[in-house]
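**Q** First the structure, which I've put down as structure tokens, then a few questions once you've had a look.
The values are calculated or read from the model by the stated rules, or taken from the named source; none is laboratory data. These numbers come from a predicted model, not from an experiment. For neighbour counting, all protein chains shown are included, and Cβ atoms are generated from backbone atoms with ideal geometry for every residue, glycine included. The protein model used for the area step is the full one, side chains on, heavy atoms only, and it has no ligands, DNA or RNA in it. Shrake-Rupley method; radii C 1.70, N 1.55, O 1.52, S 1.80 Å.
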Amino acid sequence: GAMAEDYNPEANTLAKLGVTVEGMKADDPILTAEEFEQGKAIFFQRCAGCHGVLRKGATGPALTVDVTHELGYEGAHDFITYGSPAGMPNWGTSGELTEDEVKLMARYVMVEPPQPPEFGMPEIKDSWKVLIAPADRPTQKMNDLDIDNLFSVTLRDTGQIALIDGATYEIITVIKTGYAVHISRISASGRYLYVIGRDAKINMIDLWMEVPATVAEVKIGSEARSVETSKFEGYEDKFAIAGAYWPPQYVIMDGDTLEPLKVESTRGMTYDTQEYHPEPRVASIVASHFRPEFVVNVKETGKVLMIDYSDIKNLNVTEIEAERFLHDGGFDSTGRYFLVAANARDKVAVIDTKEDKLVTVLETGGVKPHPGRGANIVHPVYGPVWVTSHLGDETLSLIGTDPEGHPDQAWKVVQMLEGLGGGSLFVKSNPKSDHLYADAPLNPDEETSASVAVFTISELGTEEPAFKTLPIGEWADIKEGQPRVVQGEYNMAGDEIWFSVWNAKDKESAIVVVDDKTLELKHVIKDPRLITPTGKFNVYNTRNDVY
Ligand code: DHE
């Protein structure tokens, strides 16, 4: 149906676009209508996250037609095939796209991007389902699971999550969700698990049921990455919020049923040049511990929105100017300061969630900081610091977070470490651990992307602290494919850390459990149901912001 509106082959001949493509004639349409649809689907899955639906750029550069026509078909083809050191994946040489798909995408980006439809309250309401009403749910825990030590594991390409028991490593259940769940968050009470698919579908799962299952679901847009629940005293489990990439908006929902209560657009002016942006996407969201507020990070306008949920009818939003292209971030160890990466600007913004003010925006010293939620460690010399690794180089930056005890180091990079290589996505530590881990799943080197670097925290005061390399991929003993090792997550006790060994959909994947004290292999979780595991969220750690 949407095909004809989106794309007209006759209006997109090579001559009309002013581009040349090897083997094609000037009056050939650059794509057939069918190819256009294929390109649209691949762009949504692989490219939109970094470049934006309207291709105005964020983590990746703008790909508007002025830029792509200048680059030319050959140039685009090369970028897509080989990637770039700045973080563009090598889609061609990694085999993730076939040569035909690379050619298709190099032609697709020469055409004006289609604008997907809006998704307002009527559409959101239409998608909303309460499968088990609050009155029909258990009044007490009906299973003997140790809920706090469960892991919610994204099974990316099957549109599911697996709930895995942290003690027995058994898969308790596999739950159908939206496509490619991005993150899981836990309600303040620990009872409800909220997951959000890349397709913006939220599942609310009741962990008290005999076998945990979805009790409510809703779709808040067509593309999304973040969900969170109210954590301030008196508002536990009361509200949920989700942020969308498309349409650029956030939605506040009832925490018990996911009934959508309020949808707000994030379209508006960039914080600095104060020009209109049509696609300011909602990146990370966290819940404040100091006020009844959600902290919503808007990527393209560079604003942090402190959304007061105590009066949803008269919504009070404190808009903090931060930096453009906000992406992922986490709290410091006290839970008062929120540090968020403006990755395309090589910066981190620090927000004081008690005062609702920007503390500072600092350069991390590396290229494209990508902390996940970051790691909080106590440095032997500089005290409490928060750590991020980088997509664009091998460095880790340690940022002082203790304005009272270590005022000279507060909100400054106190030390840089060298990890395995570029392409790192996540760092992790735990208050009980002397170790700091950094992955490198997007590193082009096969062995590097299957390994993890570990630093010993108590040795960080020495001249050049060395790291130990853990061959997680090798430990998983997978025969086929090129699995990447991604995102460490601790168990509740903080004495073991789990890594996903993320292989192609039709190949074996695994989760490798490492003994945090000895740094030795403790267990490998393998199961035919464990397809493309990526993010893992321990209930206790996620609920209490322990990282
Ligand atoms: Fe993520 C967190 C967006 C690619 C796995 N990712 C986040 C967050 C955002 C985001 C905004 C923070 C959510 C929050 O805290 O509220 N991710 C994006 C993208 O836009 C991007 C770059 C491209 C895309 O098209 O999606 C992207 N992310 C990936 C992946 O390719 C990963 C490795 C695998 C996957 O499942 O898609 C991936 N992202 C994750 C994980 C987290 C995450 C595991 C949560 C980490 C944590 O410890 O909290």
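**Q** Looking at Ala240, Thr456, Ala466, which one has the Cα that reaches farthest to the positive end of the dipole of the chain (charges on Cβ: Lys, Arg +1; Asp, Glu -1)?
**A** Ala240
**Q** Quote the charge dipole size of the range 216-368 about the Cα centre in Debye, to the nearest 20; the model charges only the Cβ of Lys and Arg (+1) and of Asp and Glu (-1).
**A** Numbers: 18 positive and 27 negative charges, 59 e Å.
Around 280 debye, computed over the range 216-368.
**Q** Also, I was wondering about something else. Around Ala133, under 14 Å between beta carbons, what's the net of Lys plus Arg minus Asp minus Glu among the other residues? Present the calculation step by step, with values, prior to reporting the outcome.
**A** On the way: positive: Lys129, Arg137; negative: Asp136, Asp206, Glu217, Asp254, Asp256, Glu259.
Its environment carries a net charge of -4.
**Q** Long-range amide H contacts for Tyr309: which residues qualify at under 5 Å (H placed 1.01 Å from N, peptide plane, sequence gap of 5 or more or a different chain)?
**A** The answer is Glu293, Phe294.
**Q** Same structure again: Sequence neighbours fewer than 8 away in the same chain don't count; with that in mind, list the aspartates and glutamates whose C-alpha is under 16 Å from Lys522.
**A** Lys522 reaches Asp165, Glu170, Glu474, Asp477, Glu489, Asp495, Glu496.
**Q** Rounded to the nearest whole Å³, what is the per residue volume of the convex hull around the Cα atoms of the range 183-266? Intermediate values should be presented prior to the final figure.
**A** Values: hull volume 6.4 nm³, N = 84.
Dividing the Cα hull volume of the range 183-266 by its residues yields 77 Å³.
**Q** Continuing with this model, one more query. Rank-order 84-92, 296-304, 504-512 by packing density, defined as the average count of other C-beta atoms within 10 Å over each peptide's residues, highest first.
**A** On the way: 84-92: 17.6, 296-304: 26.3, 504-512: 19.1.
Top to bottom by mean Cβ count within 10 Å: 296-304, 504-512, 84-92.
**Q** Using the basic label-point model (7 angstrom from Cα toward the beta carbon), what is the Ile132 to Glu319 distance in nanometres?
**A** 4.2
**Q** Going by average Cβ neighbours within 10 Å, how do the peptides 377-389, 157-169 rank, with the highest at the top? Numbers along the way, then the final one.
**A** On the way: 377-389: 22.5, 157-169: 19.6.
Packing proxy ranking, top to bottom: 377-389, 157-169.
**Q** Sticking with this one: Relative to the Cα centre, what is the charge dipole magnitude of the range 399-492, using +1 at the beta carbon of each Lys and Arg, -1 at the beta carbon of each Asp and Glu, and rounding to the nearest 20 debye? Don't skip to the answer; put the middle values down first.
**A** Details: 6 positive and 16 negative charges, 51 e Å.
In total the dipole reaches around 240 debye.
**Q** Label Asp515 and Asp477 with points 7 Å out from Cα along Cα→Cβ: what is the distance between them in nm?
**A** Going by the 7 Å Cα→Cβ label model, 1.7 nm.
**Q** Let me ask something additional. Considering only protein heavy atoms and a 1.4 Å probe, what is the carbon-and-sulfur percentage of the accessible area of the range 338-397?
**A** Numbers: 780 of 1680 Å².
Accessible surface attributable to carbon and sulfur in the range 338-397 totals 47 percent.
**Q** Follow-up. Can you tell me the dipole magnitude for the chain around its Cα centre, using point charges on the Cβ only (Lys, Arg +1; Asp, Glu -1), in Debye to the nearest 20?
**A** Values: 51 positive and 85 negative charges, 179 e Å.
The dipole of the chain has a size of about 860 debye.
**Q** Let me ask something additional. Report the gain in length on full extension from Ala62 to Glu10: 0.36 nm times residue separation, minus Cα-Cα distance, nm rounded to one decimal. It would help to have the intermediate numbers written out before the result.
**A** Numbers: separation 52, 0.36 × 52 = 18.72 nm, distance 2.56 nm.
Stretched fully, the Ala62-Glu10 segment lengthens by 16.2 nm.
**Q** Next up: Anything over 28 Å Cα to Cα? Flag those among Lys219/Lys299; Lys125/Lys299; Lys40/Lys238; Lys368/Lys479, in the order listed.
**A** Numbers: Lys219/Lys299 21 Å; Lys125/Lys299 26 Å; Lys40/Lys238 38 Å; Lys368/Lys479 33 Å.
Over 28 Å apart, Cα to Cα: Lys40/Lys238; Lys368/Lys479.
**Q** Next question, about the same structure. FRET efficiency for Asp28 and Ser84, Cβ-Cβ distance as r, R0 = 25 Å, nearest 0.05? Intermediate values should be presented prior to the final figure.
**A** On the way: r = 29 Å, r/R0 = 1.17.
Here the calculated transfer efficiency is 0.30.
**Q** Within 12 Å, Cβ to Cβ, of Ser424, how many net charges do the neighbouring residues add up to if Lys/Arg are +1 and Asp/Glu are -1?
**A** Details: positive: Lys368, Lys428, Arg484; negative: Asp393, Glu394, Glu418, Asp439.
Net charge around Ser424: -1.
**Q** What FRET efficiency comes out for the pair Thr139/Asp100, r = Cβ-Cβ distance, R0 = 56 Å, nearest 0.05?
**A** Details: r = 57 Å, r/R0 = 1.01.
For Thr139 and Asp100, the calculated efficiency is 0.50.
**Q** OK, next. Could you tally the net charge around Gln409, taking each other residue with its Cβ under 13 Å from the Cβ of Gln409, Lys/Arg +1 and Asp/Glu -1? Write down the numbers at each step before the final one.
**A** On the way: positive: Lys412; negative: Asp332, Asp402, Glu404, Asp408.
Result for the local shell: -3.
**Q** Listed highest first by mean packing, meaning other Cβ atoms within 10 Å per residue, what order do 246-254, 42-50 come in? If you can, show how the numbers build up before the last one.
**A** On the way: 246-254: 23.9, 42-50: 18.7.
The peptides rank, most packed first, as 246-254, 42-50.
**Q** Kindly report the accessible area of the chain per residue (heavy atoms of protein chains, probe 1.4 Å, no ligands, DNA or RNA), in Å². Show your work: numbers first, answer last.
**A** Working: 21290 Å² over 547 residues.
Value returned for the chain: 39 Å² of accessible area per residue.
**Q** Determine the calculated [θ] at 222 nm for the chain from helices alone, applying -39500 (n - 2.57) to every DSSP H run no shorter than 4 residues and normalising by the residue count; nearest 500 deg cm²/dmol. The partial results should precede the final answer.
**A** Working: 10 runs with 72 residues, N = 547.
After summing the helix terms and dividing by the residues of the chain, the value is -3500 deg cm²/dmol.
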